[in-house]
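A.B. asks: Input: one structure, supplied below.
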Amino acid sequence: MFSFFFFMEKNKAICLFSGGLDSILAVKILEEQGIETVAVQFVSPFFGGGEDKDTSARVAEADRKWGISLQVVDITDDYFPMLKAPEHGYGKNFNPCIDCKILMVRKAREMMDLAGARFIATGEVIGQRPMSQRRDTMRIVERDAGVDGLLLRPLSAKLMPETSAEKAGIVDRTRLFDFSGRGRGNQISLAAAMGITEYPSPAGGCILTDPVLSKRIEYVVKADREVSKEAIALCRIGRHFVWPGEAYLVIARNQAENSRLLGLAGSSGFVLKAKDVPGPVGLLRGEDVNDACLSLCAGIVARYSKGRSQPMVAVTVTDLADAAERVLEAAPVWEEHEMTYRRL
């Protein structure tokens, strides 16, 4: 009993860590008060740079640059169901920012008990983001994530009600801050005072806020297609064409994307490529793919090949289900002639 009591009384916090300056500062503000921090970076196919860095690289970078002990947690399995029907809706594009933050804070609450931590901290600043960091939505996050009194925002804490950690004297409120708004001058000055000289420039981070990528992802999710990491990875590359039914064509833009597309092709659909001239790989999927659809897709692939000026181009079509191949003679199809499909 005594050992359990001692474990729970440690001054420890779970800190949501994006890798941006605000989250770095939040961790360091608490560490300066002698609080042990567990920095957690939640990742998914939409944010966290999952395709660019592996987990060990992230952990090593956080330790090397800022002396931060980092844990990387993939929340994809919980994220996909939430994305289909977020309780608080979407932002300007297809970004469920409020429900996303609720999910992450809820996950942090689960980790808090396992780690014996006393509270949760984030690098949020009131007014910095138009949807998820308004005062009213920040309160909604606390309520719906079940963390009333447990969620501390060190950079804006003096503008918000006291948390349980402050009331209990675990955190000294006088050493917290009252930052607000979209400017970063206060954060940059604080970083300099703390000796933090290396940090990333601000960026959008989540691809669900991207005007082009969000439309592709919305199509995949709302068309009730299979939502998987591979499906989202496909949304991030190539040119995309969709038909009123289920047909969906992705055409690579360069050699690197050719390789990437083939790596994501799986065992269903069709791979199309110009036979006798250089050109991109196309991947066609769908439930209603017929000969007319294949011919049109072959024409689109021909349009992006080196044979685009020829009247006809031979295009190899491979059925991924059984590796069967055939060659279609297709006239290059130009976008100004499109009738039955649209480009995403």
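The values are calculated or read from the model by the stated rules, or taken from the named source; none is laboratory data. The structure displayed is predicted, hence computed values, not measured ones. With ideal geometry, Cβ positions are generated from the backbone for all residues, glycine too; neighbour counts draw on all protein chains shown.
A.B. asks: Out of the residues in region 331-340 that are out of contact with any Phe, Trp or Tyr (no Cβ under 8 Å at 6 or more places or on another chain) and under 22 Å from residue 246 (Cα atoms), state the one that is surrounded by the fewest Cβ atoms within 10 Å (Cβ to Cβ). Let's see the steps before the verdict.
C.D. replies: Of the residues in region 331-340, the ones out of contact with any Phe, Trp or Tyr (no Cβ under 8 Å at 6 or more places or on another chain) are 331-339.
In the following step, the residues that additionally are under 22 Å from residue 246 (Cα atoms) were identified as 333-335, 337-339.
Details: 333: 22, 334: 11, 335: 12, 337: 10, 338: 13, 339: 6.
Ranking the qualifying residues of region 331-340, first place goes to 339.
A.B. asks: Which ones in region 149-205 are under 24 Å from the mean Cα position of the chain (by Cα), exposed (fewer than 15 other Cβ atoms within 10 Å of the Cβ) and not small (Gly, Ala, Ser)?
C.D. replies: 182, 198, 200, 202
A.B. asks: Of all residues in region 13-67, count the ones that are free of Cβ contacts under 8 Å to residues at least 60 places away in the same chain, among the hydroxyl-bearing types (Ser, Thr, Tyr) and farther than 18 Å from residue 101 by Cβ.
C.D. replies: 2
A.B. asks: Oh, and also: Looking only at region 113-138, filter to residues that are under 23 Å from the mean Cα position of the chain (by Cα) and assigned to a helix (DSSP H, G or I); which one of those is nearest to residue 35 (Cα to Cα)? Even if it seems obvious, please write down each step before you answer.
C.D. replies: Step one: filter region 113-138 for residues under 23 Å from the mean Cα position of the chain (by Cα), giving 120-134, 137-138.
This time we only want the ones that are assigned to a helix (DSSP H, G or I), so: 137-138.
Working: 137: 27, 138: 24 Å.
That would be 138.
A.B. asks: Among the numbered criteria (1) more than 28 Å from residue 215 (Cα to Cα); (2) among the small types (Gly, Ala, Ser); (3) crowded, with 20+ Cβ neighbours inside 10 Å, which single criterion is violated by residue 324?
C.D. replies: Status for residue 324: all satisfied but (3).
A.B. asks: If you scan region 41-87, which residues turn out to be of a type in the set (A, V, I, L, M), surrounded by fewer than 20 Cβ atoms within 10 Å (Cβ to Cβ) and outside any loop (DSSP other than H, G, I, E, B)? Spell out how you get there, then give the answer.
C.D. replies: Taking region 41-87 and keeping what is of a type in the set (A, V, I, L, M), we get 43, 57, 59-60, 62, 68, 70, 72-73, 75, 82-83, 85.
Applying the additional criterion that residues be surrounded by fewer than 20 Cβ atoms within 10 Å (Cβ to Cβ) yields 43, 57, 59-60, 73, 75, 82, 85.
Residues satisfying the conditions are 43, 57, 59, 60, 73, 82.
A.B. asks: Here are 23, 18: which of them is of a type in the set (Ser, Thr, Tyr), part of a loop (DSSP other than H, G, I, E, B) and under 23 Å from residue 151 (Cα atoms)? Working first, answer last.
C.D. replies: Details: 23 fails: part of a loop (DSSP other than H, G, I, E, B).
It is 18.
A.B. asks: Among the listed residues 113, 99, 136, identify the single one that is modelled with pLDDT of 95 or more, among the acidic types (Asp, Glu) and farther than 30 Å from residue 198 by Cα.
C.D. replies: On the way: 113 fails: modelled with pLDDT of 95 or more; 136 fails: modelled with pLDDT of 95 or more.
After ruling out the rest, the residue left standing is 99.
A.B. asks: Are there any pairs, at least 6 apart or on different chains, whose C-beta atoms fall under 8 Å, with the first in region 249-275 and in a helix (DSSP H, G or I) and the second of a type in the set (Asp, Glu), and if so, which?
C.D. replies: 264/230
A.B. asks: Here are some residues: 175, 153. Which one is in contact with a Ser or Thr (Cβ under 7 Å, 6 or more places away or on another chain) and of a type in the set (Lys, Arg)? Steps first, answer last, please.
C.D. replies: Details: 175 fails: in contact with a Ser or Thr (Cβ under 7 Å, 6 or more places away or on another chain).
Only one candidate passes the filter, namely 153.
A.B. asks: Since residue 311 meets every condition but one in (1) within 21 Å of residue 242 (Cα to Cα); (2) modelled with pLDDT of 95 or more, which condition does it not meet?
C.D. replies: With (1) within 21 Å of residue 242 (Cα to Cα); (2) modelled with pLDDT of 95 or more applied to residue 311, the lone miss is (1).
A.B. asks: Within the set of pairs 6 or more residues apart or between chains, which connect a residue that is closer than 21 Å to residue 341 by Cβ and not assigned by TED's automatic domain parsing to the domain that holds residue 276 inside region 299-326 to a residue that is of a type in the set (Lys, Arg) and outside any loop (DSSP other than H, G, I, E, B) with Cβ atoms less than 7 Å apart?
C.D. replies: Filtered contacts from region 299-326: no entries.
A.B. asks: Among the residues of region 276-290, which ones are under 20 Å from residue 312 (Cα atoms), assigned to a loop (DSSP other than H, G, I, E, B) and touching a Leu at 6+ places or on another chain (Cβ under 9 Å)?
C.D. replies: Passing the criteria: only 280.
A.B. asks: Within region 46-61, does at least one residue satisfy the condition of being touching a strand residue (DSSP E or B) at 6+ places or on another chain (Cβ under 9 Å) and at pLDDT 95 or above?
C.D. replies: No - not one qualifying residue is present in region 46-61.
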